[in-house]
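This report refers to the structure that appears directly beneath it.
The values are calculated or read from the model by the stated rules, or taken from the named source; none is laboratory data. Worth saying up front: this structure is predicted, and the values here are computed from it rather than measured. Cβ coordinates were reconstructed from backbone atoms using ideal geometry, including for glycine residues, and neighbour counts include every protein chain displayed. The area values use the complete protein model at the heavy-atom level, side chains included, leaving out ligands, DNA and RNA. Shrake-Rupley method; radii C 1.70, N 1.55, O 1.52, S 1.80 Å.
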Amino acid sequence: MVVLKKIRAGTIVETLLASVIIMVVFSYASLSLNGAFAGVIRHKDTAFQNRIKELVYLLKNDQLEVPFYEDTDSWDIQIQEKEGAYHLTTLYKPTESEKEIAIYEAY
C-alpha cells in the first residue's frame with residue numbers, strides 16, 4: 001500500500017490575506033479601466049469637432065453661405081454674421097437615455 005505524504009498547507013489566515021490582496025488589485029484595475037473608458041465614451045464628440053473645423057475652414061475660404069444652419073440628431077449648428085463678425089452657435093440635443101441619466105443624477 002502506498003503511504004500518503006502530507007503536504008504542508010497554508011493556514012487559513014494566509015489564504016484569506018492572499019485573497020484580499022488579489023481582490024484589491026483586481027478592483028483597483030477594474031476601477032481604473034472603467035474610468036478611462038467612461039471618459040472616452042462621455043467625450044465622444046470627435047466627429048462634431050471635425051465638422052466645426054470643416055465649417056470654419058469653409059467660412060474662411062468663402063465657400064460657405066451665411067447664414068448657415070445645420071440640424072443633426074445630436075447637434076444644431078448655426079452661423080450668422082453680426083456687425084461684421086461671424087458667430088457660430090451650437091446646441092447639444094441629448095438622447096433619451098442621457099435625459100434619463102440626468103434626471104436620475106438630479107435626485
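In table form, for the structure just shown:
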{"read-out": "Segment 79-93, residues that are open to solvent by 80 Å² or more (accessible area, probe 1.4 Å) and touching a Leu at 6+ places or on another chain (Cβ under 7 Å)", "value": "86"}
{"read-out": "Boolean, residue 10 is on the phi > 0 side of the Ramachandran plot and modelled with pLDDT under 85", "value": "no"}
{"read-out": "Test: residue in segment 34-42 that is closer than 23 Å to residue 77 by Cβ and modelled with pLDDT under 80", "value": "yes"}
{"read-out": "Test: residue in segment 58-76 that is β-branched (Val, Ile, Thr), modelled with pLDDT under 85 and open to solvent by less than 80 Å² (accessible area, probe 1.4 Å)", "value": "yes"}
